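Read through the structure below, which is laid out as structure tokens, and then see the notes.
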Amino acid sequence: MSSYIKRPNRALQVYAVLFLIVLYVPVLFIPLFSFNDSIYVRFPLQGFTLQWYGELWTREPVWNALWNSVKVGLVVSVISTVLGVMAARAITRTRMRGKGALVTFIMMPLVIPGIIFGVALLVLLSRMGVPLSLYTVGLGHLIICLPFAVATLLPRFEGFDPSMEEASADLGENGWWTFWRVTFPMVMPGIVASLLLTFTISFDEFIMAFFLTGTDPTLPMYIWGQLRFPKEFPSVLAMAALILFVSFALVFLAQWVGRKGLEDQA
Amino acid sequence: MTPSDRFISIRNVSKSFGAFTAIEEISMDIGQGEFFSLLGASGCGKTTLLRMLAGFESPTKGEIFIDDQPMSDVPPHHRPVNMVFQSYAIFPHLNVGDNIAYGLRKHKLAAARRAEMVEEMLDLIKLPGYGNRKANELSGGQRQRIALARALILRPKVLLLDEPLGALDKQLREQMQLELRALQRQVGITFVFVTHDQEEALTLSDRIAVMSGGKVLQVDTPAGLYETPRTRAVASFIGTMNFFRGTVRRNGAAMAAIEAEGLGTIPMTTAQLTKPDGAPVQIALRPEKFSLSAKRPEAGLAVEGRLCTSAYMGERSQYYLSIPGKAEPVAVSAPNTHRLMGGHDLSEGEALWLSWSPESIVMLDTD
Ligand SMILES: Nc1ncnc2c1ncn2[C@@H]1O[C@H](COP(=O)(O)OP(=O)(O)O)[C@@H](O)[C@H]1O
Ligand SMILES: [Mg+2]
């Protein structure tokens, strides 16, 4: 099979390889130096060690920060995905005026700099006397994640023939069962993708966290704090390498689930 | 009228979307076990009416009764009707068997009984052994059958079908028409069938409602619609029709006639003609009700005309003749059982005699 599109294209191949190198080589330095037997990040490499990973293991604050980020990430991803499902459903299923304006409004945080939202929220919360905590960080992350959730879910709902839900009602199922038996399984890949995406965004978000963190730091806040201490740096690298690995695994999982969903619906 | 003739009763139903009126004051009854069609051009409100029967839209005015129950407070999932959607709406995440068994959840059947029922349905739609196929491996015709089976397995009192054959190619469509008709006879369920194809409606239906602009123009059997259409709109929607304007001529109680453009004076019985002297009327004649001859017939009504064009159509030919006193040519259809007039082909401009009998004249409501 050698269709026109499948014919090899030398220039494109070179471009693709260069693109991947520029994109990923800097990132690959992180795991590389996390195994390097020196506290300085520079060449030549000094030899292989697992010392930094060992040290990481014993450091209580790192694990606390990681746990904080996971907690915020889980809650934010679930809430933003649930809100995203409701928004996408409302946008695609109802005939309402000003729908376009509403979508633009929901997507706005994508283009408004995080620093503006961060400052605004900080001012608002302190005026209201709300103490800064992981809850306030979560609130900030929710604002950032919601447009991503809606953007991920909207195409799923748009490509969804509304007569599917009517057919379910026609066959005797009420709204709740129709949602579980038809809507949910059909948009499931979108929901998984949205959960993974919003979790990742919340997990490495820095600006909002910078303004809104109380005494419990999230992981990016903690890492940023450690950068001032060269001694701590290699174990931060070790942590980063672990996160990198988990992120890759999650992204591949999300891709696989998404592709599988599309195959089923084709 | 027996109760089973009013199995579905639509009473003064109107439906508006904002300022737009999609359905205007429709009243009609559909009998139990009937194959009933809604026929009309695209946009005339057929789907809207069907969706009101299914419960997806509620009438702005009026009431629908099914089996003597008012439907206004009954949601779609509690109505004794099932629908075959125009897009079929086969669930893509379920295989064929699970699609067909979808509505059985509440019946709480044993798995074996369920599988047996699905298998019966697959036999009925002539797709035995297809239970484990994926929904995306099906052709259009197969999807249509599965949508049918998925609805029929629930034994609804009424099956609603929204242009179910519209997406199929001509050959498959004709085959499915025959199967659908046979299936309806077999299961004995009332079918309400939407189509914009007059031939399809005529072939399949016990009765047809002709719709236009949100109104029902006429409800009748296929033969009734063809032979005695009430209005010009219905007459021209189904088949070809010649229309003539005319005036009533009366002379005493016993004598009545119509003086029609191009056709001269046509004597009528007083039973056929109730309008007073001088009243304008509109009459119509189907092309096959005329006969053609080279010479003036010995008896009966006839006028002389000239052949404008003709079209050979296999088992019959269609001729267009211009007659004095009428602007548009008259369409005449004649079977080609033996070639006309002793074998010689008709040429354009040739003079021919048109004859007809007064019984074949259709009186239309003047609109
Ligand atoms: N939900 C709706 N909102 C507004 N207009 C509608 C809606 N549904 C149908 N219509 C309008 O009602 C008219 C009849 O539609 P429909 O019943 O689908 O016609 P048909 O099935 O005979 O082609 C059309 O002009 C259509 O645009
Ligand atoms: Mg329609």
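The values are calculated or read from the model by the stated rules, or taken from the named source; none is laboratory data. These figures come from a predicted structure and were not determined experimentally. Cβ coordinates were reconstructed from backbone atoms using ideal geometry, including for glycine residues, and neighbour counts include every protein chain displayed.
Which one of these is touching a Pro at 6+ places or on another chain (Cβ under 9 Å) and of a type in the set (A, V, I, L, M): B:MET255, B:MET313? Within the list B:MET255, B:MET313, the selection yields B:MET255. Residues in segment A:155-167 that are part of a helix (DSSP H, G or I) and more than 7 Å from chain B (Cβ to nearest Cβ): A:PRO155, A:ARG156, A:PHE157, A:GLU158, A:GLU165. Only residues that are more than 14 Å from every other protein chain (Cβ to nearest Cβ) and not in a loop (DSSP other than H, G, I, E, B) were counted across segment B:119-129, and they come to 5.
Elements of the type strands (runs of 3 or more DSSP E) sitting completely within segment B:1-116 and holding at least 2 residues that are within 16 Å of ligand 1 (Cβ to nearest atom) and of a type in the set (A, V, I, L, M): these cover B:8-17, B:20-30, B:35-39, B:81-84. The strands (runs of 3 or more DSSP E) found wholly in segment B:177-275 and carrying at least 3 residues that are at pLDDT 90 or above and over 22 Å from B:ARG286 (Cα atoms) occupy B:190-195. For A:THR92, the criteria (1) closer than 30 Å to A:PHE179 by Cβ; (2) out of contact with any Leu (no Cβ under 9 Å at 6 or more places or on another chain) hold in every case but one, which is (2).
A single member of B:LEU321, B:LEU352, B:LEU364, B:LEU285 is farther than 19 Å from B:SER236 by Cα and surrounded by 11 or more Cβ atoms within 10 Å (Cβ to Cβ), and it is B:LEU352. Taking the criterion of being in contact with a Pro (Cβ under 8 Å, 6 or more places away or on another chain), within 14 Å of chain A (Cβ to nearest Cβ) and more than 16 Å from ligand 2 (Cβ to nearest atom), the only residue of segment B:37-65 that qualifies is B:GLY55. The helices (runs of 4 or more DSSP H) found entirely in segment A:175-222 that carry 2 or more residues being within 14 Å of another protein chain (Cβ to nearest Cβ) are A:175-178, A:184-203.
Report yes if B:THR269 is polar (S, T, N, Q), assigned by TED's automatic domain parsing to the domain that holds B:ILE323, surrounded by fewer than 15 Cβ atoms within 10 Å (Cβ to Cβ) and under 18 Å from B:VAL362 (Cβ atoms), otherwise no. Yes.
For segment A:230-251, the criterion of being in a loop (DSSP other than H, G, I, E, B) and surrounded by fewer than 19 Cβ atoms within 10 Å (Cβ to Cβ) is satisfied by no residue at all. With the structure loaded, tell me whether B:ALA112 is surrounded by fewer than 22 Cβ atoms within 10 Å (Cβ to Cβ), more than 16 Å from ligand 2 (Cβ to nearest atom), more than 12 Å from chain A (Cβ to nearest Cβ) and of a type in the set (A, V, I, L, M, F, W, C) or whether it fails that test. The answer is yes for B:ALA112.
Results for (1) farther than 22 Å from B:CYS44 by Cα; (2) touching a Lys or Arg at 6+ places or on another chain (Cβ under 6 Å), shown as yes or no for each residue.
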site	(1), (2)
B:THR190	yes, no
B:GLU200	no, no
B:SER205	no, no
B:ILE208	no, no
B:THR228	yes, no
B:VAL234	no, no
B:ALA256	yes, yes
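Is one or more of the residues making up segment B:172-193 within 16 Å of ligand 1 (Cβ to nearest atom), surrounded by 23 or more Cβ atoms within 10 Å (Cβ to Cβ) and touching a residue at least 40 places away in the same chain (Cβ under 8 Å)? Checking segment B:172-193: at least one residue is within 16 Å of ligand 1 (Cβ to nearest atom), surrounded by 23 or more Cβ atoms within 10 Å (Cβ to Cβ) and touching a residue at least 40 places away in the same chain (Cβ under 8 Å).
Do we find that B:GLY166 is farther than 21 Å from A:SER163 by Cβ, surrounded by fewer than 19 Cβ atoms within 10 Å (Cβ to Cβ) and either more than 16 Å from ligand 1 (Cβ to nearest atom) or at pLDDT below 90 (or both) in this structure? The answer is no for B:GLY166. The residues of segment B:147-171 that are of a type in the set (A, V, I, L, M) and either more than 12 Å from B:ILE100 (Cα to Cα) or touching a Lys or Arg at 6+ places or on another chain (Cβ under 9 Å) (or both), listed by number, are B:VAL158, B:LEU159, B:LEU160, B:LEU161, B:LEU165, B:ALA167, B:LEU168.
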